[in-house]
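> Below is a structure I'd like to ask you about.
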Amino acid sequence: MSGKTLDNLSTETREFAPPEGFSAQANLSAAAYAEASADRLAFWAEQARRLAWDTEWDQVLDWSDAPFAKWFVGGRLNVAYNCVDRHVEAGLGERVALHWEGEPGDTRTVTYGQLRDMVCQAANGLAFLGLRAGDRVAIQMPMLVEAIVAMLACARLGLVHSVVFGGFSPAALQSRINDAQARVLITSDGQYRRGEAVPMKNLTDEATAQTPSIEHVVVVRRTGAEVDWVPDRDVWWHDLVDDQPTTHEAEAFDSEHPLFILYTSGTTGKPKGILHTSGGYLTQVAYTHHAVFDLKPDTDVYWCTADIGWVTGHSYIVYGPLANAATQVVYEGTPNTPHQGRHFEIIAKYGVTIYYTAPTLIRTFMKWGTDNPAAHDLSSLRLLGSVGEPINPEAWVWYRTHIGGERCPVVDTWWQTETGAIMISPLPGVTKTKPGSAQVPLPGISAQVVDDTGTEVPHGSGGYLVLTEPWPGMLRGIWGDPDRFKETYWSRYAEQGYYFAGDGAKYDNDGHIWLLGRVDDVMNVSGHRISTTEVESALVSHPTVAEAAVVGASDPTTGQGIVAFVIPRGKAATDRDTHITTLRNHVAQEIGAIAKPRQILIVEELPKTRSGKIMRRLLRDIAENRELGDTTTLADQTVMNLITEGLSNQK
Ligand code: WTA
């Protein structure tokens, strides 16, 4: 977070009451808070009744083995049945589930009836491959209808999907497949990015060169690119799925049956496989999607611009909206292909009413100018959402003005891969919104800002965000690593039993929560979490690098940009610019293009404490062109001079 944004946050005083008429028709009123706090568990049990259960639970929450939670104990349900079949059974088979828009302009409309058939066929196909409940399936795919169908087919069979963002490198995919021991990978031949067909399977082939657990690779044809083929292992999606029966008996699974693993960056180099289960997760995503977005499933056209490779895509493209029988837009491509008004064109074309995106894209829209939104009819919009990082007040107000026409409530939603669903957000018909603040925990959610000792800070003060009570969508653990789960989230406030979110936060004078960015070594680049250690270990894995330190420096568009300080090994064989290009590409290859450092600075030394810990704070000062902070704890006081002199020689 930049100092500038923090300043903005501490002086921001604007408030926007819910628009006239909105409150009157809103799904939730202020009574929801009172109801939830009167009896939290009864409240969540009531929300769970939004779903169809095969067997009802006999206990709402079992917290006896904390921090390992069990929600709706004894209950049984099928997640895919809840997202698809029951809507068809309720007579909504003709309702559009997905308005899919391909980047090149091709489109598909999928009704709930068609979606049910597709999911059944895919489930039959995956079962034909010998997959059984509990098996893991990796998915790396662009935003295709088949990606959503694949996830739902897994859920239907009780298979645990692990979706890996399409931009992640073969190395990253490989380590995720191996960590989860996935038996099958589902991918596509290629994908459209920025107007071009780029390969996908050729990359996943690199990953699967060393993934002994993978028995089959299922390939969706998208671009028609030529692909290498491993006989007996590789199978086309259309060959596997298209001739399958469109009926499939959905089995009910335990409420705590694993639904998916999603890897996210932590403070060490090894990504954490965040585990989510069925009943509690689906309850909270369905409830929050109804409450925060004020969804009216028979009239709204909802669009969440996330990718299914991130948790936002899981919870607010796949599970929440489909559980609620929403009609939604799914867009395959980049926002400036073929022009910078593409999103606005799509909003106008489908009459989108609810639009949910990330601050980094809003700031990009700001950069591209107001002409783009102004050139399209955005009058269908009635609600705007933001997620992924703190939104600076300027971007929030721009969003409300230029996209929302000053009539749409803006909901800034705070949550994490770990929380599974939205935790802190205004309610659009209730809360007076404040630009830059996520404001209030949702009904049924307990969050606080506390100090180092776990004591709640007074209004007007800052500290750390904690969640003080378990919630239905909470992560159930880190795949294969219960100790890391306890250590990462539950050890800091073990005495109080609080969940430590890793975010700094403050209360304003009304007691509303303002998020201030990560307090650990996790960077937030365009809303994507990347750990400094991950990028450092990618850099030092290159033979020309002796040591590397990475910091997130504030960036006007991406929130944070990755800045790396690198000590070269031996005499550099190439000139500095070539070396830097090589290293940037190396990081892209190791992790993915999203982790490419914005800037690499070649240095001779790194600032360290006497115990050898790199003082990133000082490097951040350099990266953000600030005066250096306190250097007294440095082991060698001259190091910073050496670094700054060396850098000014490079300019
Ligand atoms: C940040 C994304 C401020 C935060 C759903 C969190 C936010 C991390 C907001 C989780 C917000 C997300 N305001 N910060 N509205 N939303 N964050 O796991 O630092 O990709 O811890 O989940 O993003 O990122 P993740």
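> Does Glu94 meet the test of being surrounded by fewer than 17 Cβ atoms within 10 Å (Cβ to Cβ), in a loop (DSSP other than H, G, I, E, B), more than 26 Å from the chain's Cα centre (by Cα) and at pLDDT below 95?
no
> Now for a different question. In region 269-325, how many residues are away from the ligand (no atom under 15 Å from the Cβ), small (Gly, Ala, Ser) and open to solvent by less than 10 Å² (accessible area, probe 1.4 Å)?
Number satisfying all stated conditions: 7.
> So for region 616-635 (the condition being open to solvent by 70 Å² or more (accessible area, probe 1.4 Å), closer than 16 Å to Ser537 by Cα and modelled with pLDDT of 90 or more), does at least one residue qualify?
No, because not a single residue in region 616-635 is open to solvent by 70 Å² or more (accessible area, probe 1.4 Å), closer than 16 Å to Ser537 by Cα and modelled with pLDDT of 90 or more.
> Given the structure, is Phe365 open to solvent by less than 20 Å² (accessible area, probe 1.4 Å), in a helix (DSSP H, G or I), out of contact with any Leu (no Cβ under 9 Å at 6 or more places or on another chain) and not hydroxyl-bearing (Ser, Thr, Tyr)?
yes
> Let me ask something else. Quick check on region 511-553: of everything there that is polar (S, T, N, Q) and in contact with a strand residue (DSSP E or B) (Cβ under 7 Å, 6 or more places away or on another chain), which residue is nearest to Thr357 (Cα to Cα)?
The selected residue is Ser526.
> Residues being open to solvent by 40 Å² or more (accessible area, probe 1.4 Å) and either more than 9 Å from the ligand (Cβ to nearest atom) or closer than 14 Å to Gly266 by Cα (or both): count how many of those fall in region 515-524.
4
> Now for a different question. Within region 12-25, identify whether any single residue is of a type outside the set (Asp, Glu) and closer than 18 Å to Gly444 by Cα, and answer yes or no.
no
> Between a first residue in region 93-118 that is farther than 19 Å from Asp300 by Cβ and a second residue that is assigned to a strand (DSSP E or B) and among the hydroxyl-bearing types (Ser, Thr, Tyr), which pairs have beta carbons less than 8 Å apart while being 6 or more apart in sequence or on different chains?
Gly102/Tyr192; Glu103/Tyr192; Glu103/Tyr331; Pro104/Tyr192
> Next question, about the same structure. When Gln589 is evaluated against the numbered criteria (1) more than 16 Å from the ligand (Cβ to nearest atom); (2) over 23 Å from Asp307 (Cα atoms); (3) at pLDDT 90 or above, which criterion, by number, is the only one it fails?
(2)
> Let me ask something else about it. Within region 422-433, can you find the residues that are hydrophobic (A, V, I, L, M, F, W, C) and within 13 Å of the ligand (Cβ to nearest atom)?
Passing the criteria: Ile422, Met423, Ile424.
> Let me ask another. Within region 584-595, is there a residue that is more than 17 Å from Thr533 (Cα to Cα) and out of contact with any Pro (no Cβ under 6 Å at 6 or more places or on another chain)?
yes
> Within region 559-577, can one find any residue that is touching a residue at least 60 places away in the same chain (Cβ under 8 Å), within 16 Å of the ligand (Cβ to nearest atom), open to solvent by 10 Å² or more (accessible area, probe 1.4 Å) and in a loop (DSSP other than H, G, I, E, B)?
Within region 559-577 (the criterion being touching a residue at least 60 places away in the same chain (Cβ under 8 Å), within 16 Å of the ligand (Cβ to nearest atom), open to solvent by 10 Å² or more (accessible area, probe 1.4 Å) and in a loop (DSSP other than H, G, I, E, B)), the answer is no, since none of the residues qualifies.
> Report whether or not Leu144 is modelled with pLDDT of 95 or more, touching a helix residue (DSSP H, G or I) at 6+ places or on another chain (Cβ under 7 Å) and crowded, with 20+ Cβ neighbours inside 10 Å.
Criteria not met by Leu144.
> For Met143, state whether it is part of a loop (DSSP other than H, G, I, E, B), touching a strand residue (DSSP E or B) at 6+ places or on another chain (Cβ under 9 Å) and closer than 29 Å to Asp234 by Cα.
Considered against the rule, which asks whether it is part of a loop (DSSP other than H, G, I, E, B), touching a strand residue (DSSP E or B) at 6+ places or on another chain (Cβ under 9 Å) and closer than 29 Å to Asp234 by Cα, Met143 comes out as yes.
> Restrict the check to region 622-635 and report whether at least one residue is part of a helix (DSSP H, G or I) and either more than 25 Å from the chain's Cα centre (by Cα) or under 26 Å from Gln174 (Cα atoms) (or both).
So far as region 622-635 goes, yes, one or more of its residues are part of a helix (DSSP H, G or I) and either more than 25 Å from the chain's Cα centre (by Cα) or under 26 Å from Gln174 (Cα atoms) (or both).
> Next up: Which of the residues that make up region 368-398 are in contact (Cβ under 8 Å) with a residue 60 or more places away in the chain, closer than 26 Å to Gly517 by Cβ and either out of contact with any Leu (no Cβ under 6 Å at 6 or more places or on another chain) or among the charged types (D, E, K, R) (or both)?
Listed by number, the residues that qualify are Leu383, Gly385, Val387, Gly388, Glu389, Asn392, Pro393, Glu394, Val397.
> Continuing with this model, one more query. Identify all residues within region 525-534 that are closer than 19 Å to Arg617 by Cβ, within 15 Å of the ligand (Cβ to nearest atom) and part of a helix (DSSP H, G or I); write none if there are none.
Thr532
> Please work out which residue is farthest from the chain's Cα centre (by Cα), limiting yourself to region 326-336 and to residues that are open to solvent by less than 10 Å² (accessible area, probe 1.4 Å) and closer than 16 Å to Thr299 by Cα.
Ala326
> Identify the residue in region 59-81 that is part of a strand (DSSP E or B) and free of Cβ contacts under 8 Å to residues at least 24 places away in the same chain and, among all such residues, is farthest from Gln114 (Cα to Cα).
So the residue we want is Asp62.
> Identify, by number, the condition in (1) more than 16 Å from Gly320 (Cα to Cα); (2) part of a helix (DSSP H, G or I); (3) of a type in the set (Val, Ile, Thr) that Val84 doesn't meet.
Against the list (1) more than 16 Å from Gly320 (Cα to Cα); (2) part of a helix (DSSP H, G or I); (3) of a type in the set (Val, Ile, Thr), Val84 comes up short only on (1).
> Additional query: Taking Thr419, is it under 23 Å from the mean Cα position of the chain (by Cα), of a type in the set (Val, Ile, Thr) and either within 16 Å of the ligand (Cβ to nearest atom) or part of a loop (DSSP other than H, G, I, E, B) (or both)?
Judged against the criteria, Thr419 is a match.
> Can you spot a residue in region 396-403 that is away from the ligand (no atom under 12 Å from the Cβ), aromatic (Phe, Trp, Tyr), part of a helix (DSSP H, G or I) and at pLDDT 95 or above?
yes
> Among the residues of region 535-558, which ones are open to solvent by 20 Å² or more (accessible area, probe 1.4 Å) and within 16 Å of the ligand (Cβ to nearest atom)?
The answer is Ser554, Asp555, Thr558.
> In this structure, does Ala34 turn out to be outside any strand (DSSP E or B), in contact with a strand residue (DSSP E or B) (Cβ under 9 Å, 6 or more places away or on another chain) and open to solvent by 30 Å² or more (accessible area, probe 1.4 Å)?
No, not satisfied.
> For residues that are more than 19 Å from Pro335 (Cβ to Cβ) and assigned to a loop (DSSP other than H, G, I, E, B), scanning just region 372-391, find the one that is nearest to the ligand (Cβ to nearest atom).
Pro390
The values are calculated or read from the model by the stated rules, or taken from the named source; none is laboratory data. Keep in mind it's a predicted model, so treat the numbers as computed, not measured. Heads up, the Cβs are rebuilt from the backbone with ideal geometry, glycines too, and the neighbour counts pull from every protein chain shown. Keep in mind that these areas ignore ligands, DNA and RNA; they rest on the heavy atoms of the full protein, side chains included. Shrake-Rupley method; radii C 1.70, N 1.55, O 1.52, S 1.80 Å.
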